[in-house]
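Reviewing the structure listed below.
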Amino acid sequence: MLPGSAEAKTSDARSAATDFLQIESIVLNLDASLRVHARAHFFSWTQGLLQSLIRHELLICTLCLGKPPAFRADGFSMTTPEPNLFSDMFLRDTAVAPTLLKAWEERRYQPVIIDVGPANPLGGGGFARELERLGAPQLLVHGIHDAEGRAISLFTFACRPGSAGQRQAYLVQLLAPSLHAAWVRTQLSKRAETSGDKAAGGSVLTVRELDILKWIYLGKSNFEIGAILKISPLTVKNHVQKILRKLNVVNRTQAIGKSLELRILNP
């Protein structure tokens, strides 16, 4: 392609248009992050608009508390219906969070791209196996640290092979402060909401809903619960939807976790 030719001018125009669209997308994402004040907002942003910049199948947000750090994690995904199973495994597999944190610190707090495979220290663990099943074994890791170099938060994007490169590493570095600020706001909102829920206690749920919640905790399906309580599976499903709404969660696993946290359930 000769300089000044029609093809070169067309290529330059396309490149300029692409750059403009990316800048516009960055601005839109920064603006969207300011509107995040609850977990549902964070989910909508990261699994919606943010995907235009950093395509991922799963995002695990981790707060690093204390020294040595204790970790609190939450998962977000549109690909898997149970992202919290991944965040639970992320914490339960005790090598994962410290290994990712160490890799980030050793890169002097620059974004890290890790391919989770047999050659990687994480390759043999349950978390890595689940990422393989999800089809997202490539991790893009970045976070926020304080003035003394202690990690405050860590964001782990699980991506399809080849999806995370230098462009995505630059973008996550650019967006990390907004991710952190938005994520912290959801934690404050959650704490205030939990305080209100604790005041209400078990009275949030009816006796029937408490019965159904206990059977959910024991791993029963809607059909099995219906047979036990002598009601139809559709009636059970309607009760389950009410339970999710009252507890402000999106699935059965979260409902169990929150009811245990609030001591609505006492196994």
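What follows draws every value from the coordinates through simple rules; no lab data is involved. Predicted model only: the values in this text are computed from it and were never measured. Cβ atoms come from the backbone with ideal geometry, glycine included; neighbour counts cover every protein chain shown.
What dipole magnitude, in Debye to the nearest 20, does the chain give about its Cα centre under +1 on Lys/Arg Cβ and -1 on Asp/Glu Cβ?
Working: 31 positive and 23 negative charges, 191 e Å.
The dipole of the chain has a size of about 920 debye.
Compare the Cα positions of 73, 227, 216 along the charge dipole of the chain (+1 at Cβ of Lys, Arg; -1 at Cβ of Asp, Glu; about the Cα centre) and return the one farthest towards the positive end.
Towards the positive end, the residue furthest out is 227.
Sequence-distant or interchain residues sharing an amide H contact under 5 Å with residue 117, placed H: which?
When sequence neighbours closer than 5 places are left aside, the close amide H contacts are 123.
How many times 2.2 N^0.38 Å is the alpha carbon radius of gyration of the chain? Don't skip to the end; give the middle numbers.
Values: Rg = 21.9 Å, N = 267, 2.2 N^0.38 = 18.4 Å.
That works out to 1.19 for the chain.
Rg (Å, one decimal) plus Dmax (Å, integer) for the alpha carbons of the range 55-107?
11.7, 34
Which GluC sites (Glu not before Pro) in the range 64-151 pass both tests, a DSSP loop state and at most 16 other beta-carbon atoms within 10 Å? Provide the component values of the computation, followed by the final result.
Working: sites: 105, 106, 130, 132, 148; in loops: 148.
The qualifying sites are 148.
Return one number: the angle in degrees, 0 to 90 and rounded to the nearest 10, between the long axis of the Cα atoms of helix 166-200 and the longest principal axis of the Cα atoms of the chain.
20 degrees
According to a simple spin-label model (label point 7 Å from Cα along Cα-to-Cβ), what is the distance in nm between residue 150 and residue 110?
With each label point 7 Å from Cα toward Cβ, the separation is 2.7 nm.
In percent, how large is the relative contact order of the chain, given Cα pairs closer than 8 Å and 6 or more residues apart?
Reported as a whole number, the value is 17 percent.
From zero up to wherever the largest Cα-Cα distance of the range 199-261 sits, split into 10 Å bins and tell me the percent of pairs in each.
23, 60, 16, 1
Which residue fluctuates most in the GNM of the chain (Cα springs below 10 Å): 251, 238, 222?
In this elastic network of the chain, the residue with the biggest mean-square fluctuation among 251, 238, 222 is 238.
Could you tally up the Lys pairs in the chain with alpha carbons closer than 15 Å? Skip any pair fewer than 8 positions apart unless they're on separate chains.
14
Quick check: the angle from helix 6-34's long axis to the longest principal axis of the chain, C-alpha only, nearest 10 degrees?
Around 30 degrees separate the two axes.
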